[in-house]
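For reference, the structure is listed below as structure tokens.
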Ligand code: DC
């Protein structure tokens, strides 16, 4: 029988450092990466591009089921995300705060989550997968052999996000980010389906006092302790 691909799930709220850490860990292990938040961001953006009403649940579920997306890398090694045919480059457009809030709204709708479920499962391929999101360990990969729940205080997360955005967007304010983040946390944690919550068997890492390198090292130690990586 062929060996199933090991899956490492990293869930947690926005700004906890999940995205950066998942990418670094995947690169260090030579594993695939699933950025599930990008899929919800893409659904929200594609819905907007197709002029769907903001409350059109079935319309957005249709968009999710038919999403044509290519995840690639640019010449400098950074990510490139192309949407639709002919493809348009949405790499920057899906990373705005507005796209994040839109993603959080469409992600609360069960038909959208159902439409994306199998697509996410299909990312699990050898030699392994690092899956980053909100429900990776609880819903999409409940049997994953290693689950991390990465968190940080809301103030620290807003400060990190501010530092990321301030060079790209001069209008960004720390207070507005703090408010948006608290709003997004509340919606992601309280929704009826697949709310943001640590899986019972997840290892919780609070990154408030830690740097990225320290968290990456802790996660890689856990992968090796559990003998998930073959070399
Ligand atoms: O990780 P992110 O900021 O790119 O995610 C954007 C939104 O998508 C987030 O507010 C909630 C939603 N999301 C989700 O519901 N389930 C996931 N697995 C990933 C993201």
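Rule-based calculations on the coordinates, nothing more; no lab input. Quantities reported herein were computed from a predicted structural model and do not represent experimental measurements. Cβ sites come from the backbone with ideal geometry, for glycine too, and all protein chains shown count toward neighbours.
Just check the stretch 167-224 against the gyration tensor rule for me: Cα atoms, a ≥ b ≥ c as the square roots of the eigenvalues, rounded for a/c under 1.5, and otherwise prolate or oblate depending on whether a/b exceeds b/c.
It comes out oblate by the Cα gyration axes.
Evaluate E = 1/(1 + (r/R0)^6) for residue 53 and residue 119, where r is the Cβ-Cβ distance and R0 equals 22 Å; express this FRET efficiency to the nearest 0.05. If you can, show how the numbers build up before the last one.
Values: r = 24 Å, r/R0 = 1.09.
Efficiency for this residue pair is about 0.35.
Using the 10 angstrom Cβ neighbour count as an exposure proxy, how do 189, 181 rank, fewest first?
On the way: 189 12, 181 20.
Lowest count first: 189, 181.
Using a 10 Å cut-off around each Cβ, can you sort 166, 147 from fewest to most neighbouring Cβ atoms?
Fewest to most other Cβ atoms nearby, the residues stand as 166, 147.
Mind running the shape call on the stretch 50-162? Use the C-alpha gyration tensor, a ≥ b ≥ c as the square roots of the eigenvalues: rounded below 1.5 for a/c, prolate if a/b tops b/c, oblate otherwise.
Since a/c stays below 1.5, the shape of the stretch 50-162 is classed as rounded.
Summing -39500 (n - 2.57) over the DSSP H runs of n ≥ 4 in the chain and dividing by its residue number, what mean residue ellipticity at 222 nm do you reach, to the nearest 500 deg cm²/dmol?
-13500 deg cm²/dmol
Using only Cα atoms, locate the centre of the stretch 117-167 and the centre of the stretch 1-72, then give the distance between them in Å, rounded to an integer.
9 Å
Arrange the following residues from fewest to most other Cβ atoms within 10 Å of their Cβ: 149, 40, 162.
Fewest-to-most Cβ neighbours within 10 Å comes out as 162, 149, 40.
How much space per residue, in cubic angstrom, does the convex hull of the C-alpha atoms of the stretch 119-215 take up?
Numbers: hull volume 14.1 nm³, N = 97.
For the stretch 119-215, the hull spanned by Cα atoms encloses 145 Å³ per residue.
Taking the C-alpha atoms of the stretch 1-66, how large are the radius of gyration and the largest Cα-Cα span, Dmax, in Å?
Values for the stretch 1-66 (Cα only, Rg and Dmax): 15.8, 48 Å.
Bin width 5 Å, origin at 0, all Cα-Cα pairs of the chain: what percent of pairs per bin?
Each 5 Å bin holds this share of Cα pairs: 1, 6, 14, 18, 20, 18, 13, 6, 2, 0, 0, 0.
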